Structure formats: C-alpha cells, structure tokens
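Asks: First, the structure itself, so that you have it in front of you.
The values are calculated or read from the model by the stated rules, or taken from the named source; none is laboratory data. Since the model is a prediction, treat every value here as computed from it, not as a measurement. Here the Cβ positions follow ideal geometry from the backbone for every residue, glycine too, while neighbour counts run over all protein chains shown.
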Amino acid sequence: MTSLSQFKRGVFVLALSTLAACNSSTDNRTPTATEAKQFLADSQAHLEELQLPAVQAAWVYSNFITDDSAAISALLGEKLSSAAVKYAVDAAQFNGVDVDADTRRQLELLKQSLTLPAPADAAKSAELAKIGTELDGLYGKGKYCKTDGTCLNLNDMTTILANSRDPQELLDIWTGWREISPPMKPLYTRQVEIANEGSKELGFDDLSDLWRAKYDMPGDEFASELDRLWGQVKPFYDALHCHVRAELGNYYGNDIVPQDKAIPAHLLGNMWAQSWGNIYDIVKPKQEMQVVDITKALEEKGYDEIQMVKTGEAFFSSLGFDPLPETFWERSLITKPEDREVVCHASAWDIDDKDDIRIKMCTQRTGEDFQTVHHELGHNYYQRAYKNQPLLYRGSAHDGFHEAVGDTIGLSITPKYLKQIGLIENIPDESNDIGMLMQLALEKIAFLPFGLMIDQWRWKVFSGEVEPKDYNKAWWELREKYQGVRAPVERSEDAFDPGAKYHIPGNTPYTRYFLAHILQFQLHEALCKIAGDQGPINRCTIYGNKDAGKALNALLEMGMSKPWPDALEAIAGTRQMDGGSIANYFAPLKTWLDEQNQGRQCGW
Ligand code: X8Z
Ligand code: ZN
C-alpha cells in the first residue's frame, strides 16, 4: 500500500495546466534527452511532495473512518492523483526522443503508474475520488445484523466460517455478509465509467488495458501468459477439487454437496471460498497424521498478537535484515480497536519512503493470521529495501513480487523452524508429509483459480463486455468456470457479490495474488538452493541463513529498476514464471490424490 504505483484514489486534473505543460516545454520543437531527465526529476520531486500528506490522510481514514477523514483523504488523494495524471500525459512528449534506457523506463512507468485514473474533467475527477472513499467506507464498516438484533463484524464471521460445521449457520453467515454490497453497485458502476474515461485520455483502450500494461510485455501477451500458468497448475487443482468435494459429500451428504456439480461456496471454511485450510479436518487423509496446528501452538504458548509480529520480525532479522524501527511498534495497528470503525483488511504501509513503515491488521490469534503477519511484513521489508531508488522505481519487480515475498518466508515456517523457536516440541516425521502437504495445498492450490478469476471478471467489466445488469451473473459464471464453486442459494436481482470481497470496493488489482502464489514456490526453491538445503523442499526453512537473506535483499533493493524477468533471473536463474515449482513441491500429494480419486466422478 502507498507506493505511487499502488496509490489508488481519485484524480483531479486541471485540463489547462495539462495542455500548457505539454506545449510550453517543447515550444513546438522536439525536446531533448536532457529535458526528459529534467522532466523526470521535477515530476518525481513534486509527486513525492504530494504523496506524503496523501498517504498520511489515507492512513488516518483507514484507522478512523468518519465523514471528515473521508473528505480529507479524498481531497489529498485527488491532488496526488491529478498531478500523476498530468505528468503521465506530459510524458508522452518524449515518445520519439532518443533517451537512455533508464530514462525510457521511467517515462513508461510514469505513464502506467495509476490504478484508477480520472479524466481531465474536474467534476468527474472529484466524483471519482469521493466514490473511492465511499466504497472503502462501506466495506470497512460492513456488518451483518441478525433478526435477533446481534451484529457481527467480518472478524466474527471469519471465525464462524472457519469453525462451524452447521450448514444452516454457515449459509446464514455467508448470505448475511453479502448484504453489505448491493448499495455499492451504483457507485462501482460509476467508478468504472469514470476511470475508463480517464484511461482513454491516457491513451489506453480502457482500464483493463492499463492494468495489463504493467508487466513489461504487451497486454495480450500477458493474458496468454496467465493462461499458460493456469494450464500448468490446473490438473492439480482439479485433483484437489475432486477429493475435497467427495469428502464434503461424505460429511454433509450428497444432497447438500452433489457429486456432479460445483461445490457450494459456504462449506469451504472461508468467506470467499478462496482458501480451504480451515476444513482440513474434513478432507484429511484417513490414516492418523501428525500435523502442526499453529493456532493451538500459539494458544498453548500464550502468544499475543504483538508477539506474533515480533516472531515475524525475528525471522527477517535471522536473514540479516535490520530490525523494524521503533515507530513501527508505536504507530502500527495490530489489534482491532473496539471504539471506532477501521478498515480491518490487512495492509502494509510505507508512509514517507524513509523509515516510517507500519502494518494495519485486526490480527486474530490463528495460524492463518500468523501467515498474514509474515505476508504484511514482507511488504514492509520490500518497501524499506527500495527506498533509495528514484520514486518511479519504488515498487516491486511486478506487483506479484510484492505479494510473494512475505509468503515465501511463510513457506519457511516449517515444523523444524517452529521447534527451533520453541513454538512446538516435536517435529512430525516424514510419514506425516501427506497431511502437511494437504494442509498447505488447501491454502495455496485452492487459491489459484480464485486469484485468477477476480480480474478476469474485472477486465470484462472494464472493457464493457459485461454490463452492469450482468455483473453478478458473470461473477458466478467465472466462479464456477475457474473454481468449480457455486452460490449456495439463488442470488437475488440486486445482489452485488463482487462487492463483498475487499479488493473490488478497494479497487486493488488481484492478478498479483495469482502470480504471487506461483512465484513464492519458485522463490522458496531458489532460496533453499542458495541456502544449500538438501532435503525435501517442503521441509526446507531458510531461517537463519544469511546467504539466502542476501540474495533476497538483492531482489528487494532493485525495486522496479529493471524489467521483472531480470529480477527473477537474478535470484532464481530463470526469466520465466513457472508452475513447475508448485508441481515439485506437492508431487507426493498429487500421487496420493490421484489414488484417492480413482473411481470418483471428477469435474463439474
Ligand atoms: O489482500 C491480501 C493481503 C493484503 S495485500 C492480506 N491477500 C489476498 C486476500 O486476502 O484476498 C493475501 C492473499 C490474497
Ligand atoms: Zn499483500
């Protein structure tokens, strides 16, 4: 959150200044390479100036949702975005100029830096800014109030979906949460309309064209790249799906889980059926398997939320990273406050591009949130590592890398490591590996099609292929197509189920998480190799290994200064993202799943 490329508020553009800046600096002659450099220096200095107050206001808003903090955040976000749009337009004047590779890269990055560009029309850009904060607020304040008057927040409902095995209760919570989103639909529809206009003014076909432009390759090529990666991992997902559906059928009955249809979305242990680790007990192998229950271990050892974060910090320290600054501990939000509305969805912030890094999380004492803590810290260590790059390079190689770093560390949270830090006493031997792999596959493999489908939906919405009247229908078609998951009940006419997932009202691109789920296994494999680990990859931890830490830091420090294939090559020796590492990691589980699935009817 909060590097320029991730800043997402609305935009306010003075049309005249845009045009004037474009014309006056060139005087109708071709500008020079020196002028291009000066333009980059000036624009980055100005954007840096505007960024600090905008980020501070966004932080205050997310930590104290009120009408006033919303207005201030929208105003300052708009100032930053409008300047960014102006510079993005102005950058085009250097299109034909012969400049060095670095200057060219920065000019290109400037053109693509926004996630939600407003058009030049001042009224529309102000409207866009307001819509952005309103949508954030609707999600952040979202609650489900039952008929008996009790109200549940998302944390409460997350716990119920993880632990309840009563299909009626699960259904109630599942549908209840989705009551927050119908009011979002007109706002969202308008947001798409305005941002599409803004994208066109920047020279893109629509907002999806802009989003796909950020991967150092033509947008269409990137879309094919996603198909290729999905094709690599899909057989695995299909095998997992088949097994999980069969076991859910055994547990709830085949009337609730028909064996030839997509799985009802309320039974998978997660509000969005995006990761399924919480139903391990239902789908686990029949033979007794010892697997580590981190939730239980945290409870037994009396870890509180702060200690969970300190443990994450200690992992990074063991790799050679400097400790987090004092201000991290003073300023982060680590537990849910009772006295005010906050945006609970976990995020990591870089306030000043210097040392003021923070997380914001309504942490629960679970294994799931223990992983999320590492995920968020990964963002913070990345941000700190690239802080000395020029503003336009302060970001990750591509956005999937930002999401992958903390998760890569998470893959090193093995039983061996947990024993080393005293969180557990015994390391389960290798006869338990199928259980461990199953537990992880329910998190990571189950996530893949979800990570992919969200933006498949959004790209269709942005391009106009899906119209507002079909938003919800198209959403469920894609849920079914990719995930083999379906709505447990008929959805009403006014339902807007995409809005019940944070990243839709939050306008955060989602393909990054799909890429991160591929990349984290590649990075884990590469770092384990650097660490000289000879054992099975699922038992490797890089904890305490300074060589691995050094290699990781080298990647982080690069920021966005090179095309992502260069960054990947530097650490993993390959220029391609590759689902092969996932296949390696889970190979024994695949064999096991294929045996279980013999004679079962798979697919939907
Ligand atoms: O949103 C997140 C992080 C913050 S960047 C907590 N994640 C996605 C989600 O929750 O949907 C991490 C995994 C996927
Ligand atoms: Zn993240």
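Asks: Just checking, does the range 467-477 include any residue being aliphatic (A, V, I, L, M) and surrounded by 20 or more Cβ atoms within 10 Å (Cβ to Cβ)? Outline the logic, then answer.
Replies: Going through the range 467-477, the residues aliphatic (A, V, I, L, M) turn out to be 474.
Narrowing further to those that are surrounded by 20 or more Cβ atoms within 10 Å (Cβ to Cβ): none.
No; the residues of the range 467-477 include none that is aliphatic (A, V, I, L, M) and surrounded by 20 or more Cβ atoms within 10 Å (Cβ to Cβ).
Asks: Within the range 155-196, count every residue that is in contact with an Asp or Glu (Cβ under 8 Å, 6 or more places away or on another chain) and in a helix (DSSP H, G or I). Give the steps one after another, and end with the answer.
Replies: Looking only at the range 155-196, we keep the residues that are in contact with an Asp or Glu (Cβ under 8 Å, 6 or more places away or on another chain), and these are 160, 162, 178, 181-182, 185, 187, 190, 194, 196.
Restricting the remaining residues to those that are in a helix (DSSP H, G or I) gives 160, 162, 178, 185, 187, 190, 194, 196.
Summing the residues that are in contact with an Asp or Glu (Cβ under 8 Å, 6 or more places away or on another chain) and in a helix (DSSP H, G or I) in the range 155-196 gives 8.
Asks: Let me ask another. D156 versus (1) over 30 Å from E368 (Cα atoms); (2) without any contact (Cβ under 8 Å) to a residue 40 or more places away in the chain: which is the lone unmet condition?
Replies: Answer for D156: the failing condition is (1).
Asks: Out of everything in the range 365-417 that is away from ligand 1 (no atom under 16 Å from the Cβ) and assigned to a helix (DSSP H, G or I), what residue ends up being farthest from G579 (Cα to Cα)?
Replies: Per the criteria, the residue is L391.
Asks: While we're on this one: Determine which member of the set E225, E247, E288 is more than 18 Å from M453 (Cα to Cα) and assigned to a helix (DSSP H, G or I).
Replies: Selected residue: E247, the only one of E225, E247, E288 that is more than 18 Å from M453 (Cα to Cα) and assigned to a helix (DSSP H, G or I).
Asks: Of all residues in the range 378-417, how many are surrounded by fewer than 24 Cβ atoms within 10 Å (Cβ to Cβ) and β-branched (V, I, T)?
Replies: Summing the residues that are surrounded by fewer than 24 Cβ atoms within 10 Å (Cβ to Cβ) and β-branched (V, I, T) in the range 378-417 gives 2.
Asks: Need pairs with beta-carbon distance below 7 Å; first residue touching a residue at least 12 places away in the same chain (Cβ under 8 Å) and of a type in the set (G, A, S) and within the range 511-532, second part of a helix (DSSP H, G or I) and within 11 Å of ligand 1 (Cβ to nearest atom); sequence gap 6+ or separate chains.
Replies: Between residues of the range 511-532 that are touching a residue at least 12 places away in the same chain (Cβ under 8 Å) and of a type in the set (G, A, S) and residues that are part of a helix (DSSP H, G or I) and within 11 Å of ligand 1 (Cβ to nearest atom), the close pairs are A516/E403; A516/A404; A516/D407.
Asks: So, one more: Within the range 350-377, can you find the residues that are hydrophobic (A, V, I, L, M, F, W, C), surrounded by 22 or more Cβ atoms within 10 Å (Cβ to Cβ) and in contact with a helix residue (DSSP H, G or I) (Cβ under 6 Å, 6 or more places away or on another chain)?
Replies: Within the range 350-377, the first condition is being hydrophobic (A, V, I, L, M, F, W, C), and the residues that meet it are 351, 357, 359, 361-362, 370, 373, 377.
After this cut, where a residue has to be surrounded by 22 or more Cβ atoms within 10 Å (Cβ to Cβ) as well, the list is 357, 359, 361, 370, 373, 377.
I357, I359, F370, V373, L377, listed by residue number.
Asks: Hey, could you check the range 418-466 for residues that are of a type in the set (V, I, T) and either within 16 Å of ligand 1 (Cβ to nearest atom) or over 28 Å from L210 (Cα atoms) (or both) and say which is surrounded by the fewest Cβ atoms within 10 Å (Cβ to Cβ)? Give the steps one after another, and end with the answer.
Replies: So the first thing to find is which residues in the range 418-466 are of a type in the set (V, I, T), and the list is 421, 424, 427, 434, 445, 454, 461, 466.
When the remaining residues are screened for being either within 16 Å of ligand 1 (Cβ to nearest atom) or over 28 Å from L210 (Cα atoms) (or both), the result is 421, 424, 427, 434, 445, 454.
Numbers: I421: 14, I424: 20, I427: 17, I434: 19, I445: 26, I454: 26.
Within the range 418-466, the match that is surrounded by the fewest Cβ atoms within 10 Å (Cβ to Cβ) is I421.
Asks: Considering only the range 492-514, how many residues are part of a loop (DSSP other than H, G, I, E, B), crowded, with 17+ Cβ neighbours inside 10 Å and not small (G, A, S)?
Replies: Initial filter on the range 492-514 (part of a loop (DSSP other than H, G, I, E, B)): 492-496, 501-510.
So of that shortlist, the ones also crowded, with 17+ Cβ neighbours inside 10 Å come out as 495-496, 501-510.
Next, from what is left, pick out any that are not small (G, A, S): 496, 501-505, 507-510.
Qualifying residue count for the region: 10.
Asks: Could I ask something else about it? Looking at this structure, is D102 acidic (D, E) and touching a Ser or Thr at 6+ places or on another chain (Cβ under 9 Å)? Lay out the reasoning, then the answer.
Replies: Working: acidic (D, E): yes; touching a Ser or Thr at 6+ places or on another chain (Cβ under 9 Å): yes.
Yes; evaluated as a whole, the condition is true for this residue.
Asks: Which condition number does I542 fail, the rest of (1) within 13 Å of ligand 1 (Cβ to nearest atom); (2) aliphatic (A, V, I, L, M); (3) not in a helix (DSSP H, G or I) being met?
Replies: (1)
Results for (1) of a type in the set (A, V, I, L, M, F, W, C); (2) within 14 Å of ligand 2 (Cβ to nearest atom); (3) more than 28 Å from M157 (Cβ to Cβ), shown as yes or no for each residue.
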residue: E326; (1), (2), (3): no, no, yes
residue: K336; (1), (2), (3): no, no, no
residue: G367; (1), (2), (3): no, no, no
residue: H375; (1), (2), (3): no, yes, no
residue: G395; (1), (2), (3): no, yes, yes
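Asks: Would you confirm, using the coordinates I've provided, whether V309 is crowded, with 20+ Cβ neighbours inside 10 Å and in a helix (DSSP H, G or I)? Walk me through it before giving the result.
Replies: Working: crowded, with 20+ Cβ neighbours inside 10 Å: yes; in a helix (DSSP H, G or I): yes.
Yes: the conditions hold for V309.
Asks: Further, regarding this structure: How many residues, within the range 319-364, are more than 20 Å from D304 (Cβ to Cβ), away from ligand 1 (no atom under 16 Å from the Cβ) and of a type outside the set (D, E)?
Replies: 8
Asks: Let me ask something additional. Just to check your reading of the model, which residue among W230, W174, W272 is farther than 22 Å from T508 by Cβ and of a type in the set (F, W, Y)?
Replies: None of the other options fit; the residue is W174.
Asks: Where residues in the range 480-517 are under 30 Å from D255 (Cβ atoms) and aromatic (F, W, Y), which of them is farthest from ligand 2 (Cβ to nearest atom)?
Replies: The initial filter retains those residues of the range 480-517 that are under 30 Å from D255 (Cβ atoms), namely 480-498, 500-501.
From what's left, aromatic (F, W, Y): 482, 496.
Numbers: Y482: 21, F496: 24 Å.
Here the residue is F496.
Asks: What single numbered condition from (1) assigned to a loop (DSSP other than H, G, I, E, B); (2) surrounded by fewer than 22 Cβ atoms within 10 Å (Cβ to Cβ); (3) modelled with pLDDT of 95 or more; (4) of a type outside the set (A, V, I, L, M, F, W, C) fails to hold for Y280?
Replies: Tallying (1) assigned to a loop (DSSP other than H, G, I, E, B); (2) surrounded by fewer than 22 Cβ atoms within 10 Å (Cβ to Cβ); (3) modelled with pLDDT of 95 or more; (4) of a type outside the set (A, V, I, L, M, F, W, C), Y280 fails exactly one: (1).
Asks: Which residue, of R212, R190, is of a type outside the set (G, A, S) and surrounded by fewer than 21 Cβ atoms within 10 Å (Cβ to Cβ)? Spell out the reasoning first.
Replies: Numbers: R212 fails: surrounded by fewer than 21 Cβ atoms within 10 Å (Cβ to Cβ).
Step by step, each of R212, R190 is checked, and only R190 is of a type outside the set (G, A, S) and surrounded by fewer than 21 Cβ atoms within 10 Å (Cβ to Cβ).
Asks: Turning to a different aspect of this structure: Between residues in the range 439-452 that are at negative phi and within 16 Å of ligand 2 (Cβ to nearest atom) and residues that are assigned to a helix (DSSP H, G or I) and among the small types (G, A, S), which pairs lie under 7 Å by C-beta distance while being six or more apart or on different chains?
Replies: E443/G277
Asks: Let me ask something additional. What pairs come up if the first residue lies in the range 62-89 and is closer than 17 Å to T115 by Cβ and at pLDDT 95 or above, the second is of a type in the set (F, W, Y) and part of a helix (DSSP H, G or I), and their beta carbons are under 7 Å apart, counting only those six or more places apart or on different chains?
Replies: Correct list of pairs: S73/Y61.
Asks: Also, quick follow-up: Going through the range 377-393 one residue at a time, which ones are more than 15 Å from ligand 2 (Cβ to nearest atom) and within 22 Å of F521 (Cβ to Cβ)?
Replies: Applying the first criterion (more than 15 Å from ligand 2 (Cβ to nearest atom)) to the range 377-393 yields 384-393.
The answer is A385, and nothing else.
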